[in-house]
Amino acid sequence: MLKLNTHKIIFALASTGLMQLAFANNAAINELQLFLGNTKSLSANFNQSVRQKSGKVENSHGQFFLLRPGKFKWTYAQPYNQEIISNGQQVWLYDLDLAQVTIKPASKALDASPAAILIGNNNLSQSFNLQTLPSKNGISWVALTPKNKDTSFAQIRIGLLKGQLDRMELDDQFNQTTSIQFSKMQQNQSISAQTFNFIPPQGVDVIRE
């Protein structure tokens, strides 16, 4: 008669359960990495709200474009006219109302930032600690906490709906939470590289950092 090794069976069952639990815990992280790995370009409209520590909420909306690696354009239409543009080497922050452009090296402006997540090299664990959060209303959530405590964001949460980017939430070091809802998402459509070049208009103040 074949004698069963009870200890080995229990260990195998426990190992299988742990593997299934680990897969479930990492499912949203894998979903995020798959989305980023399959994305060459992206464009969408967005609605943004910033909830301050006092409870006051400021709403804005606009449009963004990105071309991986390193290029993006983020345009605010309301309530202020602003553009944030990167060609991969430097970032321009253009405030149309103030007629002012601030220029920063991309490495300084984007390190461990929300933009770096979307346009970076997919090696999220290099700059962030990743954690799967409970799903809500069919949306899978991943929390990213910067390993570098000197960044302006305390935590970034990304929500994915059916494998596609749906929203982001950002907690900064001033106890403000920014929520961004995306719509009319276009993935891997042709976007001209000229979209991500910027020449300051004549007469505006230019500040270099």
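The values are calculated or read from the model by the stated rules, or taken from the named source; none is laboratory data. Just so it is clear, the structure is predicted and the values come from calculations on it, not from any experiment. All Cβ positions, glycine included, derive from the backbone under ideal geometry; neighbour counts span all protein chains shown. Protein only, heavy atoms only, side chains kept; ligands, DNA and RNA dropped before computing areas. Shrake-Rupley method; radii C 1.70, N 1.55, O 1.52, S 1.80 Å.
What does the charge count around Tyr76 come to, taking other residues whose C-beta lies under 15 Å from its C-beta (Lys +1, Arg +1, Asp -1, Glu -1)?
-3
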Check: Are there trypsin sites (Lys or Arg not before Pro) in the stretch 48-87 that DSSP puts in a loop and that have at most 10 other Cβ atoms within 10 Å, and which ones?
Finding: Lys53, Lys56
Checklist line | Proximal lysines relative to Lys162, as straight alpha-carbon distance under 26 Å, when same-chain residues fewer than 8 apart are discounted | finding: Lys40, Lys71, Lys73, Lys136, Lys184
Checklist line | Restricting the stretch 134-180 to trypsin sites (Lys or Arg not before Pro) in coil, as DSSP defines it, with at most 10 other Cβ within 10 Å | finding: Lys149, Lys162
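So how much slack lies between Ser192 and Leu34, counting 0.36 nm per residue of separation and subtracting their Cα-Cα distance, in nm?
Length gained, Ser192 through Leu34: 54.4 nm.
As a test of the definition: which semi-axes, in Å, follow for the stretch 62-209 when you take the square root of five times each eigenvalue of its alpha carbon gyration tensor? Largest first, please. Don't jump to the answer; show the numbers that get you there.
Values: eigenvalues 143, 64, 48 Å².
Equivalent-ellipsoid dimensions as semi-axes: 27, 18, 15 Å.
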Margin query: Rolling a 1.4 Å sphere over the protein heavy atoms, what is the accessible area per residue of the stretch 41-183, to the nearest Å²?
Written below: 50 Å²
Margin query: Between Glu58 and Gln202, what is 0.36 nm times their sequence separation minus the Cα-Cα distance? Round to one decimal in nm.
Written below: 48.8 nm
Note to self: Please give the Cα centre distance for the stretch 60-134 versus the stretch 156-180, rounded to the nearest Å.
What the structure shows: 14 Å
